[in-house]
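Student: One structure, as structure tokens, below. Some questions next.
The values are calculated or read from the model by the stated rules, or taken from the named source; none is laboratory data. Computed from a predicted structure; not experimentally measured. Neighbour counts are summed over all protein chains in view; Cβ atoms, including those assigned to glycine, are modelled from backbone coordinates with ideal geometry.
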Protein chains: 2
Amino acid sequence: MGDLIVFGDWGTSRLRLSLFDGDAKLAETDGPGIGALTASPAETLLQALAPWRAEHDLKRVILCGMAGSRSGVIEAPYAECPADAAAWLVQAAELALDGLDIRVAPGLAGTAANGAPDVMRGEEAQIFGAMALRPDLAQGERWFVLPGTHSKWARVRDGRVLGFQTFLTGELFALLTERSSLLMGADRAENADESAAGFDQGLARAQEGHPIAALFEARSAQLRAGRSGAWAQGYLSGLLIGSEVAEALRGADTRAVTVIGAAALAARYSPALAAGSVVSETLSGEACVLAGLRLFAANRS
Amino acid sequence: MGDLIVFGDWGTSRLRLSLFDGDAKLAETDGPGIGALTASPAETLLQALAPWRAEHDLKRVILCGMAGSRSGVIEAPYAECPADAAAWLVQAAELALDGLDIRVAPGLAGTAANGAPDVMRGEEAQIFGAMALRPDLAQGERWFVLPGTHSKWARVRDGRVLGFQTFLTGELFALLTERSSLLMGADRAENADESAAGFDQGLARAQEGHPIAALFEARSAQLRAGRSGAWAQGYLSGLLIGSEVAEALRGADTRAVTVIGAAALAARYSPALAAGSVVSETLSGEACVLAGLRLFAANRS
């Protein structure tokens, strides 16, 4: 039982904990995100671990994500780009909590293509984990794309993250579909065909390069072209993802792209990437984050 | 007293009524927008008019805007572009209500520069009103720009609206500053210097043509560059207005621009227009809408 370890990905909207004995996953559990806590982060963590601790003599917990933010368990620094896995690993924050040895991965701070400062917390574990799982991805230059509420585009050369850029895509999609005047309420029912047709139209608009101008078509197409709410939702998804991909790739000198994320979301990026003449592959976000957290376990020994 | 008339601009967020005796404004009053009604539109209108009707023998009311939408007083059609004032005037909807003769201006339906269908309700009264006030604006080709929650860019040649495009700028700014993760809460206090510096930076980003990529800088500049919430608000304003102007003018063959709107908002468009090598002038939105509504009064006689 000496190899018992808990890995945790604690983001703004969700805590996901996995209990491992060596390479064997014994259990997993979910909890509230750092943005939705009702108790302190430490109390929340101990509560989530209590059932496992009742059965096992747990000592080690390794966390990444917003767990290391100012409102997390302990503030972990940002490793500055360019950064490889070794530079990232040495900056972990450590905390002794109720007999547990808790390590929290640092985030990354870097500069976007346009020169703006940028930050990530959690995605770097997936990026370094992906290269641990697949050493070929640490050769040469490529983009890692991590779709989500805040999509990240990280430029990596020979295993070193050079810089990255955050796109508000997922959050903007939620604001526009749930809070704006663009979706007209009456007809939001799921309709896969309508949604797919809207997505294609949004993707085509994104290629024209006028995304701000194109937003209102979600509404006017319902008013004047007989489109449904499902179409409009698909349209906004295609427009935002397509614009993200087009803007990220514009002027980029490499078109090698690895997407890390859930299959359903990654599938929405494939046609947008194909429209940019990119052939991409997709890796599981969960597998990558575990591989990234495992680097800390190996690093201690 | 035969020339008593009420003009009303009834939008989504506000009702504004003005009582005129010929050219002399006797009074004005505000009420709730069509999107915020607690009673029926007809009841709301009669309530707002009641104090005036107690003193005057009112007969005529002329309204524009969302008053003519499906959820308004009476549904008015859309006049199809290209449309001049005469084509617009003949499509008014009429309603007899409690002894009042109510006329509601039609909206306009047209096509945006990218071929998408588009609609407006209320702004057309300002555009035709502007040309009634200033006949020189009905000569040659120009843009009328009406900033707001849903900004409108209308292309007009020789007094005829050829087509127009709606930008979600104002609504998007409100969503991003009030509902998103970009403004970090602690430091939103007004600070004119910070806000102006942020606006300039947002405007500069807009010129780069990657607006979706540039959104997140509002947050990361607070996290990593010591910027305040006031800066971030200014940044988003500059980025959105600058992107609206840049996208609207890209590929346009005329750079003659007339802005119709409130002075404070129009002042935010001037530097963005100047960045696009446009010399613009600004007309009062209130004066233009009254001039547009007055066309109906003249039309009846």
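Student: Search region B:205-217 for residues being of a type in the set (A, V, I, L, M, F, W, C) and in contact with a Gly (Cβ under 8 Å, 6 or more places away or on another chain), and hand back the single one that is surrounded by the most Cβ atoms within 10 Å (Cβ to Cβ).
Tutor: Only one residue fits best here, namely B:A214.
Student: Next question. In the set A:T177, A:T149, A:T166, which member is closer than 22 Å to B:L175 by Cβ, buried (at least 20 other Cβ atoms within 10 Å of the Cβ) and hydroxyl-bearing (S, T, Y)?
Tutor: After ruling out the rest, the residue left standing is A:T166.
Student: Right, next: Would you be able to say whether some residue in region B:181-194 is within 14 Å of chain A (Cβ to nearest Cβ), under 17 Å from A:L240 (Cβ atoms), in contact (Cβ under 8 Å) with a residue 24 or more places away in the chain and buried (at least 21 other Cβ atoms within 10 Å of the Cβ)?
Tutor: yes
Student: Which residues, counting only those in region B:108-139, are surrounded by fewer than 22 Cβ atoms within 10 Å (Cβ to Cβ) and on the phi > 0 side of the Ramachandran plot?
Tutor: Selection gives B:G115 alone.
Student: Has region A:286-301 got at least one residue that is within 18 Å of A:A105 (Cβ to Cβ) and in a loop (DSSP other than H, G, I, E, B)?
Tutor: So far as region A:286-301 goes, yes, one or more of its residues are within 18 Å of A:A105 (Cβ to Cβ) and in a loop (DSSP other than H, G, I, E, B).
Student: Let me ask something else. Give region B:244-266 a look and list any residue that's in a loop (DSSP other than H, G, I, E, B) and within 14 Å of chain A (Cβ to nearest Cβ), or say none.
Tutor: Result: B:R250, B:G251, B:A252.
Student: Related question: Quick one: B:V278 ticks every box in (1) part of a helix (DSSP H, G or I); (2) in contact with a Lys or Arg (Cβ under 8 Å, 6 or more places away or on another chain); (3) surrounded by fewer than 23 Cβ atoms within 10 Å (Cβ to Cβ); (4) more than 14 Å from chain A (Cβ to nearest Cβ) bar one, so which box is it?
Tutor: Among (1) part of a helix (DSSP H, G or I); (2) in contact with a Lys or Arg (Cβ under 8 Å, 6 or more places away or on another chain); (3) surrounded by fewer than 23 Cβ atoms within 10 Å (Cβ to Cβ); (4) more than 14 Å from chain A (Cβ to nearest Cβ), the lone unmet condition for B:V278 is (1).
Student: Moving to a separate point now. Looking at region B:85-105, is at least one residue within 14 Å of another protein chain (Cβ to nearest Cβ), over 21 Å from B:I5 (Cβ atoms) and modelled with pLDDT of 95 or more?
Tutor: no
Student: Is it the case that some residue within region A:84-107 is buried (at least 18 other Cβ atoms within 10 Å of the Cβ) and in contact with a Cys (Cβ under 6 Å, 6 or more places away or on another chain)?
Tutor: Yes; the residues of region A:84-107 include at least one that is buried (at least 18 other Cβ atoms within 10 Å of the Cβ) and in contact with a Cys (Cβ under 6 Å, 6 or more places away or on another chain).
Student: Can you find even one residue in region B:267-282 that is among the polar types (S, T, N, Q), under 27 Å from B:G8 (Cβ atoms), modelled with pLDDT under 95 and over 17 Å from the mean Cα position of the chain (by Cα)?
Tutor: no
Student: Further, regarding this structure: Considering only residues that are under 10 Å from B:I34 (Cβ atoms) and in contact with a Gly (Cβ under 6 Å, 6 or more places away or on another chain), look in region B:48-67 and name the one that is surrounded by the fewest Cβ atoms within 10 Å (Cβ to Cβ).
Tutor: B:M66
Student: Scan region B:147-169 residue by residue and report those that are within 19 Å of A:R224 (Cβ to Cβ) and in a strand (DSSP E or B).
Tutor: B:S151, B:K152, B:W153, B:A154, B:R155, B:V161, B:L162, B:G163, B:F164, B:Q165, B:T166, B:F167, listed by residue number.
Table: residues versus (1) among the aliphatic types (A, V, I, L, M); (2) closer than 17 Å to A:I74 by Cα; (3) part of a helix (DSSP H, G or I).
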{"site": "A:F7", "(1), (2), (3)": "no, yes, no"}
{"site": "A:L15", "(1), (2), (3)": "yes, yes, no"}
{"site": "A:S18", "(1), (2), (3)": "no, no, no"}
{"site": "A:L26", "(1), (2), (3)": "yes, no, no"}
{"site": "A:D30", "(1), (2), (3)": "no, no, no"}
{"site": "A:G35", "(1), (2), (3)": "no, yes, yes"}
{"site": "A:A39", "(1), (2), (3)": "yes, yes, no"}
{"site": "A:E43", "(1), (2), (3)": "no, yes, yes"}
{"site": "A:P51", "(1), (2), (3)": "no, no, yes"}
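Student: Please find, within region A:253-262, the residue that is farthest from A:D3 (Cα to Cα) out of those that are in contact with a strand residue (DSSP E or B) (Cβ under 7 Å, 6 or more places away or on another chain) and either surrounded by fewer than 21 Cβ atoms within 10 Å (Cβ to Cβ) or free of Cβ contacts under 8 Å to residues at least 60 places away in the same chain (or both).
Tutor: Within region A:253-262, the match that is farthest from A:D3 (Cα to Cα) is A:T254.
Student: Taking A:R142 as the residue in question, decide whether it is crowded, with 22+ Cβ neighbours inside 10 Å and among the basic types (K, R).
Tutor: Taking the combined requirement at face value, the residue does not satisfy it.
Student: When you go through B:A93, B:A48, B:A42, B:A86 one by one, which is the residue that is closer than 30 Å to B:A116 by Cα and touching a strand residue (DSSP E or B) at 6+ places or on another chain (Cβ under 8 Å)?
Tutor: Matching residue, one of B:A93, B:A48, B:A42, B:A86: B:A93.
Student: Something else: Just need a number here: residues in region B:110-157 that are modelled with pLDDT under 95, more than 9 Å from the chain's Cα centre (by Cα) and small (G, A, S).
Tutor: Residues that pass the stated criteria total 4.
Student: Right, next: Quickly run through region A:36-62 and pick out the residues that are touching a residue at least 60 places away in the same chain (Cβ under 8 Å) and not hydrophobic (A, V, I, L, M, F, W, C).
Tutor: A:R60
Student: Would you point out the residue of region A:28-47, among those that are touching a Ser or Thr at 6+ places or on another chain (Cβ under 9 Å) and among the aliphatic types (A, V, I, L, M), that is surrounded by the fewest Cβ atoms within 10 Å (Cβ to Cβ)?
Tutor: The selected residue is A:A36.
Student: Here is a follow-up. Consider B:G129 carefully, then state whether it is in contact with a strand residue (DSSP E or B) (Cβ under 9 Å, 6 or more places away or on another chain), within 11 Å of chain A (Cβ to nearest Cβ) and under 16 Å from B:A87 (Cβ atoms).
Tutor: No; evaluated as a whole, the condition is false for this residue.
Student: Within region B:118-141, can you find the residues that are part of a strand (DSSP E or B) and under 19 Å from B:A291 (Cα atoms)?
Tutor: The one that is part of a strand (DSSP E or B) and under 19 Å from B:A291 (Cα atoms): B:M120.
Student: Considering only region B:53-76, how many residues are closer than 18 Å to B:A105 by Cα and in a helix (DSSP H, G or I)?
Tutor: The qualifying residues number 3.
Student: I would also like to ask the following. Tell me which residues, restricted to region B:208-234, are aromatic (F, W, Y) and either more than 7 Å from chain A (Cβ to nearest Cβ) or in a helix (DSSP H, G or I) (or both).
Tutor: B:W231
Student: So which residues in region A:9-28 are at pLDDT 95 or above and under 19 Å from A:A125 (Cα atoms)?
Tutor: Hits for region A:9-28 are A:D9, A:W10, A:L15, A:R16, A:L17, A:S18, A:L19, A:F20, A:K25, A:E28.
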